[in-house]
Amino acid sequence: MSDLTPYRPLVGGTQPPYDAGIYGSTKLRAPKQALVQVPTSITEATGPQFSESRYPSVIDLTKVNGGEAQGQRIVVEGRVLDENGRPVPHTMIEIWQANSTGRYHHPGDQHDAPLDPYFQGAGRVFTDSEGRYRYTSIKPGAYPWRNHHNAWRPNHIHYSLFGPGFGTRVITQMYFEGDPLLKLDPIFHSIPDEAARNRLIADFDIDLTVPEWALGYRFDIVLRGRDATPFEDGNDHSHEGH
Amino acid sequence: MTLATPIATASQTIGPYWHLLPYKGWNDLTRFGATGDVITITGRIVDGAGDPVTDACVELWQPSPAADAHFDGFGRCASDAEGRFSFTTLRPGPVAGVHGAAGNVQQAPHVAITIMARGLMKALATRIYFEGDAGHDIDPVLNLIEDPARRATLIAKATGPAAYHLDMVLQGAGETVFFAI
Ligand SMILES: [Fe+2]
């Protein structure tokens, strides 16, 4: 029997709306109807589990076929926790990003900046028993996009996490401390709550920085949590505020 | 001493370049050797103008049949130039009902779908049920949706003995029911 304790409601303002008008592509894709709140059944409480044997790790994006990628080498380390502060162990994180010039190795990316044959554009890392992860990459470049005149995405690394259940799936982006483009970016600013936005910014960390090798950045991720103890009265509490 | 309560990390769009992640072949849930009652599920996603959504990442999760060494219940598909996606999987059975629901009625066979795409700041969650199942009338999730026309947006048409098809609309007339979890 699965634990069917409801997911804790998301904290207001800490998630972007679907209809984030400043981001043009939402215009025809954001649903108009209200979402239907479903209780947490086995479908939502459980989710796909990935094993490293079947989904091997790729934790160094800076080397391909014996060649080394151009750009500023970085190591990114962090923890994946749930909303109860508990580590999420052995969970899969997928990452992908532009190279140091701001170009994706993707047929849809026509930005006039060089591709780097030695940069691995995507990786996969599993958290350890304490929810920790770490990978090595190159600081991605900024790139232009056509959302508005002279629009440039800040430096960012895309993240995909699954966590323990269907309800913990999240796609996000990690940004870099001190990036002047952040204040202009509609995707970043689609999150109403300033503190929630700023939690997407990785901190430069001199203690993570590897001497003579790579700059260190720290980025923790929090997945949705459920109340620690199941409700005893059999009522659905999923609409209550917390 | 009070510790700050961690708050779930904000979602961001998957963007147009998510195809750098692996997905080829991931739409076949029998790829690890699963055998049984194999079905195909196809669909097509359109936006609020009726245009195909050509860059979506569509993921499927099914808790039934239970995951084992040959079946992990998970699939991923990239929508194509016509907005189409397809999965090959094992036919799900009914699963346990919801916490606290009267009588704990079983849920009719279904798969859970996640749609992520450029222009979607958060993943969209929905379900696909299968035409012809007798359990729809008492399914506790379908019964959360009062309007029969809206409920029908979750029920794939049988196009063959083991083939189902469902069109999905992100916005506007015929908009698919999406869930908050
Ligand atoms: Fe990007």
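Return the pairs, sorted by first residue and then second, in which the second residue is surrounded by fewer than 20 Cβ atoms within 10 Å (Cβ to Cβ) and at pLDDT below 95, the first residue lies in segment A:70-93 and is within 11 Å of another protein chain (Cβ to nearest Cβ), the beta carbons are less than 8 Å apart, and the residues are 6+ apart or on different chains. Close Cβ pairs (under 8 Å, with a partner that is surrounded by fewer than 20 Cβ atoms within 10 Å (Cβ to Cβ) and at pLDDT below 95) amount to A:GLU83/B:THR5; A:ASN84/A:ALA228; A:GLY85/B:LEU3; A:GLY85/B:THR5. Tallying residues that are within 15 Å of the chain's Cα centre (by Cα) and open to solvent by 30 Å² or more (accessible area, probe 1.4 Å) within segment B:132-160 yields 4. Taken together, the residues in segment A:124-146 that are within 14 Å of A:VAL76 (Cβ to Cβ), more than 14 Å from the ligand (Cβ to nearest atom) and open to solvent by 10 Å² or more (accessible area, probe 1.4 Å) amount to 4. Checked against the criterion of being among the β-branched types (Val, Ile, Thr), farther than 18 Å from A:PHE219 by Cα and within 16 Å of the ligand (Cβ to nearest atom), the candidates A:ILE187, A:ILE157 yield just one match: A:ILE187. Taking the stated definitions as given, is A:TYR104 within 20 Å of A:VAL58 (Cβ to Cβ), within 12 Å of the ligand (Cβ to nearest atom) and of a type in the set (Phe, Trp, Tyr)? Judged against the criteria, A:TYR104 is a match. Please work out which residue is nearest to the chain's Cα centre (by Cα), limiting yourself to segment B:14-71 and to residues that are aromatic (Phe, Trp, Tyr) and more than 9 Å from chain A (Cβ to nearest Cβ). Only one residue tops the list, namely B:TRP26.
Selection within segment B:27-55: residues that are over 15 Å from B:ILE115 (Cα atoms) and out of contact with any Leu (no Cβ under 9 Å at 6 or more places or on another chain). The member of this set that is most open to solvent (accessible area, probe 1.4 Å) is B:ARG31. Cβ-Cβ contacts under 6 Å between residues 6 or more apart (or on different chains), taken from a first residue in segment B:22-49 that is on the phi > 0 side of the Ramachandran plot to a second residue that is buried (at least 16 other Cβ atoms within 10 Å of the Cβ), are listed as B:GLY36/B:LEU90. Considering segment A:28-71, the residues that are of a type in the set (Lys, Arg) and open to solvent by 80 Å² or more (accessible area, probe 1.4 Å) include one that is farthest from B:PRO94 (Cα to Cα), namely A:LYS63.
Among the residues that make up segment B:101-111, is at least one of them part of a strand (DSSP E or B), hydrophobic (A, V, I, L, M, F, W, C) and at the interface with another protein chain (Cβ under 7 Å from one of its Cβ atoms)?
No, there is no match, as no residue in segment B:101-111 is part of a strand (DSSP E or B), hydrophobic (A, V, I, L, M, F, W, C) and at the interface with another protein chain (Cβ under 7 Å from one of its Cβ atoms).
When each of A:GLN120, A:GLN97 is tested for being within 16 Å of the ligand (Cβ to nearest atom), open to solvent by less than 10 Å² (accessible area, probe 1.4 Å) and under 30 Å from A:ASN150 (Cα atoms), the lone residue that passes is A:GLN97. Condition check: at pLDDT 95 or above and not in a loop (DSSP other than H, G, I, E, B). Does B:PHE87 satisfy that? So B:PHE87 fits the description; yes. For B:ALA163, the stated conditions hold: it is open to solvent by 10 Å² or more (accessible area, probe 1.4 Å) and of a type in the set (A, V, I, L, M).
With the condition kept exactly as written, say whether any residue in segment A:12-27 is more than 7 Å from chain B (Cβ to nearest Cβ) and of a type in the set (A, V, I, L, M, F, W, C). There is at least one residue in segment A:12-27 that is more than 7 Å from chain B (Cβ to nearest Cβ) and of a type in the set (A, V, I, L, M, F, W, C). Of all residues in segment A:177-205, those that are closer than 19 Å to B:ALA8 by Cβ, in contact (Cβ under 8 Å) with a residue 12 or more places away in the chain and open to solvent by less than 40 Å² (accessible area, probe 1.4 Å) total 8. For segment A:85-124, a residue qualifies if it is modelled with pLDDT of 95 or more, polar (S, T, N, Q) and farther than 17 Å from A:GLU68 by Cβ, and exactly one does: A:THR91.
With the structure loaded, tell me whether A:GLY178 is of a type outside the set (Asp, Glu), farther than 29 Å from B:GLU59 by Cα and either within 16 Å of the ligand (Cβ to nearest atom) or not in a strand (DSSP E or B) (or both) or whether it fails that test. So A:GLY178 passes the test. Residues that are of a type in the set (Asp, Glu) and assigned to a loop (DSSP other than H, G, I, E, B) within segment A:29-66 comprise just one, A:GLU52. With open to solvent by less than 50 Å² (accessible area, probe 1.4 Å) and either in a loop (DSSP other than H, G, I, E, B) or farther than 16 Å from B:GLY43 by Cβ (or both) as the only criterion, which of B:GLY75, B:GLY97 stands out? After ruling out the rest, the residue left standing is B:GLY97.
The values are calculated or read from the model by the stated rules, or taken from the named source; none is laboratory data. Remember, it's a predicted structure, so these values are computed and weren't measured experimentally. So basically every Cβ, Gly included, is an ideal-geometry build from the backbone, and we count neighbours across all protein chains shown. Note: areas computed on protein heavy atoms with side chains; ligands, DNA, RNA excluded. Shrake-Rupley method; radii C 1.70, N 1.55, O 1.52, S 1.80 Å.
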